[in-house]
Each structure stands twice: as C-alpha cells, then as structure tokens.
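Note sheet for the following structure.
The values are calculated or read from the model by the stated rules, or taken from the named source; none is laboratory data. Just so we're clear, the structure is a prediction, and the values are computed from it rather than from any experiment. No Cβ is skipped: glycine too gets one built from the backbone with ideal geometry, and neighbour counts run over all protein chains shown.
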Amino acid sequence: MIIDGHAHACGAYYSKKSITNSLKEQHIDMIVLCPGEPNSDKSYSYPMLSEKIKSSNLGFIFNRIICFITKLTGVAKHIDEQNKYVYELAKSFPKQIIQAYWINPLDNCCMEKLEKDYLEYDFKMLKLHQCWNKFDILSEKNIRIFEWATKKNMPVFIHLLSKKQVRKFVALSNNFPNTVIIVAHMIGFKEISDNSINTNIYYDMSAPQLISKEILEQVVKRVGCNRIILGSDIPYGERNLQINIERVKNLHIDDRGRSNIMGGNIMQLLLKKGDF
C-alpha cells in the first residue's frame with residue numbers, strides 16, 4: 001500500500017476529477033489531505049536545491065520564503081473554508097482520503113471550532129503550520145490543542161518555523177510523551193531525536209527539493225524505518241511523490257522497512273483509532 005502522507009487540497013489534488021486521475025497515474029492508494037490554496041489547480045515547480053545544499057538547515061531557509069508568500073497572498077485567511085472543502089472531498093473518497101484538520105492557535109475561537117468541526121467532520125489528524133500562523137509552540141492555546149489531541153488519541157502534524165521553535169517543541173513533546181506527532185519536512189530532526197523522550201515522533205520526508213538523499217539516510221539511521229512517513233507536499237514541487245518513492249526504493253533497508261515508509265507507518269497510526 002502506498003499512501004501520500006502529506007498533501008494539500010489544491011494542484012493535482014484540487015478537484016474530484018484530478019484526484020481520481022492522480023490516484024490512478026501515481027499508483028497510490030490513499031492521501032492524507034489538508035487545506036491549501038483556495039480555488040487553485042496550480043502546481044509549482046521548484047529547483048532541486050537539496051542536490052546542491054545538503055544541509056538540514058535548508059528547511060529553515062525555505063520557511064522564510066513561505067512566511068513572505070503567505071503574508072503576501074493572504075491564503076491563511078481561508079483555512080476554515082478549506083477545512084470544509086477537504087471534508088467534502090473526503091466524503092467523496094472515504095477510502096482514499098484521510099482528512100487532516102488545520103487548526104490555528106492564533107484564532108481566539110480555535111478550541112470551539114475544533115470541538116464543533118470534529119463532531120461534523122470526524123477528521124483523523126490535526127495540522128499546525130508555524131509559517132502560515134506564527135504562534136509560539138509553548139503558547140497556552142497550542143498546549144490546549146495538544147491536550148485535546150492526546151485525549152482523542154489523534155496524531156498532530158506540525159510544520160516548525162525556526163531553531164528556537166524546534167527547541168521549544170522538544171520541551172513540549174517531553175510533556176506529551178504519549179502523543180503521536182509528525183514533524184513536517186524532517187525539520188529539526190537532529191535536535192528532536194537527540195533530546196526528546198517522546199518515542200512517538202515521526203518524520204515526513206516531503207519534499208525532495210528540501211531533503212537530500214543524504215539527509216534522508218541520516219534520519220533512517222537515527223530513528224529507523226518505522227518512524228518515517230512518505231509525503232509529496234503537493235502542489236509544491238513537480239513529481240515529488242515519484243521522486244520520494246524512488247528514493248525509498250534506493251535506501252539500504254529491507255522490504256518491510258520500505259513498506260512501512262511507503263504507507264505502513266501512517267496506516268498503523270490510524271489503525272490505533274480503528275478508522276480503516
């Protein structure tokens with residue numbers, strides 16, 4: 001089974017038709033889908049920077065660009081409507097789409113929305129993004145979100161902003177040792193794997209423009225195949241999923257390890273809730 005564990009409801013995954021085509025063309029079984037740019041079927045082409053900059057700091061550099069573009073375009077204002085849009089897509093593809101609900105700790109009503117939308121949407125994961133919403137990882141609202149996720153036994157997918165926030169994330173994760181957390185783009189993996197006592201932290205391997213083959217191999221050695229999640233970050237980059245699948249195939253690991261990265265790990269997280 002192949003699962004795209006990190007994607008957005010735009011670009012190739014914007015419409016029912018494009019999702020059907022993508023599932024068939026990419027030979028994938030499921031997608032973990034979160035909100036994205038509203039009303040956009042645009043896909044983006046980025047240079048393969050990871051082939052020239054083989055550093056784990058590349059994600060931090062790219063975060064600055066994301067912050068600038070997000071502020072310029074105002075896309076973060078549409079999170080609520082896009083959560084609903086992902087829900088509608090998930091209803092149309094109940095066996096192929098896993099909804100990741102994007103929550104903004106800066107929203108004064110975020111906890112009320114979370115409770116209300118959970119009853120209606122029955123989403124399977126939470127999504128937090130510090131580049132789109134510049135909250136502090138140790139803020140009261142974010143701690144409440146993690147408490148909620150822990151009670152629901154729900155994975156939290158988080159895109160970390162900076163080295164400072166990574167250090168704060170380590171402190172947070174140590175206070176929530178049983179909470180399943182997926183770290184987007186493997187940002188801060190050295191600091192996290194060295195200092196967190198939470199053994200339920202997973203690492204998303206999207207996107208190949210940011211993560212070199214060498215970095216991927218380092219993460220495999222540090223945390224093993226059972227804590228890495230295949231992802232594309234569609235629509236941000238061309239052929240991301242195919243490139244990452246090829247990278248997994250070329251890793252010096254056994255077939256079971258490959259199977260876990262390609263979909264087994266994320267499926268196991270969801271099986272804890274009895275969803276599939």
**OP:** State the number of residues belonging to region 233-250 that are in a helix (DSSP H, G or I), without any contact (Cβ under 8 Å) to a residue 12 or more places away in the chain and among the basic types (Lys, Arg).
**Re:** 1
**OP:** Give the residue, chosen from ILE103, ILE79, that is under 30 Å from SER193 (Cα atoms), of a type in the set (Val, Ile, Thr), modelled with pLDDT of 95 or more and buried (at least 19 other Cβ atoms within 10 Å of the Cβ).
**Re:** ILE103
Subject >> Filter result for ASN83 (within 30 Å of LYS17 (Cβ to Cβ), in contact (Cβ under 8 Å) with a residue 24 or more places away in the chain and within 19 Å of the chain's Cα centre (by Cα)) >> reply: yes
Subject >> Candidate set: region 5-49, residues that are out of contact with any helix residue (DSSP H, G or I) (no Cβ under 8 Å at 6 or more places or on another chain) and among the aromatic types (Phe, Trp, Tyr); chosen: the one modelled with the highest pLDDT >> reply: TYR14
Subject >> Failed item in (1) of a type outside the set (A, V, I, L, M); (2) closer than 22 Å to LEU23 by Cβ; (3) surrounded by fewer than 20 Cβ atoms within 10 Å (Cβ to Cβ), with THR73 passing the rest >> reply: (2)
**OP:** Tell me which residues, restricted to region 172-196, are within 17 Å of ASN153 (Cα to Cα) and surrounded by fewer than 17 Cβ atoms within 10 Å (Cβ to Cβ).
**Re:** ASN174, ASN175, PRO177, ASN178
**OP:** Just name the residue that is farthest from PHE189 (Cα to Cα) out of those in region 56-75 that are in contact with a helix residue (DSSP H, G or I) (Cβ under 9 Å, 6 or more places away or on another chain) and without any contact (Cβ under 8 Å) to a residue 12 or more places away in the chain.
**Re:** ILE69
**OP:** Say whether the condition of being part of a loop (DSSP other than H, G, I, E, B), touching a His at 6+ places or on another chain (Cβ under 6 Å) and either surrounded by fewer than 14 Cβ atoms within 10 Å (Cβ to Cβ) or not aliphatic (A, V, I, L, M) (or both) is met by at least one residue in region 38-57.
**Re:** yes
Subject >> Within region 1-37, considering residues that are part of a strand (DSSP E or B) and touching an Asp or Glu at 6+ places or on another chain (Cβ under 8 Å), the one surrounded by the fewest Cβ atoms within 10 Å (Cβ to Cβ) >> reply: MET30
Subject >> Residues of region 197-217 satisfying the condition of being under 19 Å from HIS159 (Cβ atoms), in a loop (DSSP other than H, G, I, E, B) and either β-branched (Val, Ile, Thr) or within 12 Å of the chain's Cα centre (by Cα) (or both) >> reply: MET205, SER206, ALA207, ILE211
**OP:** Return the residue satisfying two criteria in turn: it lies in region 197-219 and is surrounded by 20 or more Cβ atoms within 10 Å (Cβ to Cβ) and of a type in the set (S, T, N, Q), and of such residues it is nearest to LEU33 (Cα to Cα).
**Re:** SER206
**OP:** Starting from region 29-51, keep only residues that are closer than 16 Å to GLY11 by Cα and touching a residue at least 60 places away in the same chain (Cβ under 8 Å), then list their pairs with residues that are among the basic types (Lys, Arg) and not in a loop (DSSP other than H, G, I, E, B) whose Cβ atoms are within a distance under 7 Å, requiring at least 6 positions of separation or different chains.
**Re:** CYS34/LYS127
Original post:
Quick check: anything in region 252-266 surrounded by 16 or more Cβ atoms within 10 Å (Cβ to Cβ), touching a Leu at 6+ places or on another chain (Cβ under 6 Å) and among the β-branched types (Val, Ile, Thr)?
Top reply: yes
